[in-house]
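Note sheet for the following structure.
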Amino acid sequence: MDFPLTLISLLERAGKLFPTVEIVARRPQADCVRSNYGDFYLRARALAEALRKIGLKKGDRVATLCWNHTPHLEAYFGIPAAGGVVHTLNLRLHPDEIAFISNDAEDRFLIVDDVLLPLLEKFRPKVNFERVFVVPFGDCPADTTFENYEDLLKLATGDLDYTPLDENDAAAMCYTSGTTGCPKGVLYSHRALVLHSLAAALPDTFNCRQADVLMPVVPMFHANAWGFPFVGAMLGAKQVFPGPKLDPQSLLELMSSEQVTCSAGVPTVWMAFVDLLEQDPSRWKLSPELRLYVGGAAVPESLLRRFDRLGIPLSHSWGMTEISPVGSAGEMKRHLKESLSNDELYALRTKQGLPIPFVETRAVNEQGEIPWDGETMGELEVRGPFVASGYHKGLQPEKWTSDGWFRTGDVTTIDSEGYLKLVDRTKDLIKSGGEWISSVDLESALMCHPAVQEAAVIAVSHPKWLERPLAAVVLRPNMEVSKEELCAWLANKFSKWQLPDAIVFVDQIPRTATGKFLKSKLREKFADWQW
């Protein structure tokens, strides 16, 4: 049948088949609000009806400035069900950058958490929202120009006729992090999000099922929370939203009380998480079925080993805003599990894994497409039904090849089994004396040292070798180690010419809004380094 793949199908399925399944959201006040898919279904439909009553037209953008919680989930489905586009604003960006993004997207309306109104005030004069609806967790705001989100829903009568949608209509929008140049908008079609949800839920991706309790630690305001909210609704799985309480203790408390079985976050989240968990594992009554997924940056082998010792599987994935966002997953082939040694398996698990279904990959360098030898480096290119075909307003068309592949900017090797190993971003790869050095490999090895908490490696100009690696290292509390000791540690895995010529000890490493190391700041700080 010619059946359109739209988010409306996922919404209807959740409401009709799983109305009593819980949705739990932690409020800023730290208490939890409990609802279910039956309530969510009615409220998402009410939001769709109300938005159309106040003038939303097909394709209009409705921005959200929200943490992970149930009203945000309602927006994920209610706005597209009205024919609009849900545009998640990244609340961790600078206010001027948020204003730029909102204006570039031409957002008509805004849904904002009451606790984020101070942030809104910092850029409000620079944007032109027609109406602002506040999600009330506490008292309603005194500003009479704002409207209550709950009052908006009351405009609905329950007689919603869905706007006729084509599966290729835009449903959602995110912006890239903008670490190089201005942020760029990525529009996701209904079809892309439905197909991505199916691929993400598969056993060899996130292995999701209806019996799971899903908790996305990754923010709903960036890269669709890796698709978890859509997957949860599609399967009718219980969803748990942590709100703004993302410190390790709050996450462990929520995981224990709600018996979470599946969660996802960036490496820095899980590093802090395991630090606390290791202090007293018996204190936390985590589900024996708990599994964790990590992405957004390379995962150190030491982190995998630490979670294994606690009996909690941690699996590595890779993705990008432009891929909706998951592109690969770290599940190992059966014959490799049976044939490789323990150390070889850990080395494989640090890789970004295999492309998930419907994502095709290749890597190219100056000589053309690279061989699958696990050693030759090339820029990763991808294509597939949930890979963006272009940026909003046609920016940077050169990011797409003439034969239809997206240039990711990630440098990778591909081994004989097809496993990707991202060795760097093109802008972060270090070229020393004509040879390439992977900053990611050095960082991972440094973070395996027991005294090292975090490490970031950058290229610094060198009068003879063009570039040489410099490592910025954060030590664990009450730990000491010398540069010579760290170089000796690295010498077990790297040739002498690959070792950092300088190791500097810092209190913290700057991060992007999504928790990744912000190497551009380090490059600025050490731009005048003298050898």
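Please treat every number below as a calculation from the coordinates, not as lab data. Given the structure is predicted, the values throughout are model-derived calculations rather than measurements. Positions of Cβ are generated from backbone atoms using ideal geometry, with glycine treated the same way; all protein chains shown enter the neighbour counts.
Observations on the structure shown:
- Spatially proximal lysines relative to LYS58 (Cα-Cα < 24 Å; intrachain offsets below 8 disregarded): LYS154, LYS184, LYS393
- Net charge in the neighbourhood of VAL135 (other residues with Cβ under 12 Å of its Cβ; Lys, Arg +1, Asp, Glu -1) is -4.
- In this structure, the amide hydrogen of LEU518, modeled 1.01 Å from its nitrogen in the peptide plane, lies closer than 5 angstrom to those of ARG511, THR512, counting only residues at least 5 positions away or on a different chain.
- Using the Cβ-Cβ distance between LEU202 and TRP529 with R0 set to 41 Å, the FRET efficiency from 1/(1 + (r/R0)^6) comes to roughly 0.30.
- Put simply, the amide H of HIS462, placed in the peptide plane, has neighbours under 5 Å in GLU467, ARG468, leaving out anything fewer than 5 places away on its chain.
- Of all DSSP beta bridges confined to region 7-315, the antiparallel ones make up roughly 25%.
- Estimated FRET transfer efficiency (ASN128, GLU150; beta-carbon r; R0 25 Å; 0.05): 0.55
- Basic side chains Lys and Arg get +1 at the Cβ, acidic Asp and Glu get -1 at the Cβ, and with that the dipole of region 430-525 about its Cα centre reaches some 300 debye.
- Here's how it looks for ASP247: its modeled amide H is under 5 Å from none belonging to a residue 5 or more places away or on a different chain.
- Relative compactness, region 149-204, computed as alpha-carbon Rg over 2.2 N^0.38 Å: 1.64
- Protection-proxy order for peptides 466-477, 62-73, each taking the mean of Cβ atoms within 10 Å per residue, highest first: 62-73, 466-477
- In summary, the lysines within cross-link reach of LYS285, defined as a Cα separation below 30 angstrom excluding same-chain residues under 8 places away, comprise LYS238, LYS245, LYS337, LYS516.
- Per residue, the average separation of C-alpha pairs within less than 8 Å and at least 6 apart gives the chain a relative contact order of 11 percent.
- Region 7-315, relative contact order in percent, only Cα pairs under 8 angstrom and at least six apart counted: 18 percent
- Applying both filters, DSSP loop and at most 12 other Cβ atoms within 10 Å, to the trypsin sites (Lys or Arg not before Pro) of region 29-58 gives LYS57.
- Cross-link partners of LYS464 among aspartates and glutamates, defined as those whose alpha carbon lies under 18 angstrom from its own and excluding same-chain residues fewer than eight positions apart: GLU435, ASP501, ASP528.
- Environment charge of LEU187, counting only residues whose C-beta is closer than 10 Å and scoring Lys/Arg +1, Asp/Glu -1: 0
- Potential extension, ALA451-ASN103 segment - 0.36 nm per residue separation minus Cα distance: 120.7 nm
- Whole-angstrom Cα spans of region 7-315 along principal axes, big to small: 55, 42, 37
- Computed from phi, the 3J(HN,Hα) profile of region 239-252 under the Karplus parametrisation 6.51, -1.76, 1.60 (θ = phi - 60°) reads 10, 10, 10, x, x, x, 7, 10, 6, x, 5, 5, 5, 5 Hz, with x in place of Gly and Pro.
- Using the Cβ of VAL423 as centre and a radius below 12 Å, the other residues enclosed give a net charge of -4, where K and R count +1 and D and E count -1.
- Extension gain, GLU22-MET479: 0.36 nm per intervening residue step, less the Cα-Cα distance, totals 160.1 nm.
- Modelled FRET efficiency - R0 30 Å, LYS333 with SER9, Cβ distances, 0.05 increments: 0.35
- Across all directions, the average projected area of the convex hull around the alpha carbons of the chain is 25.6 nm².
- Restricting attention to the chain, close to 55% of DSSP beta bridges with both partner residues there are antiparallel.
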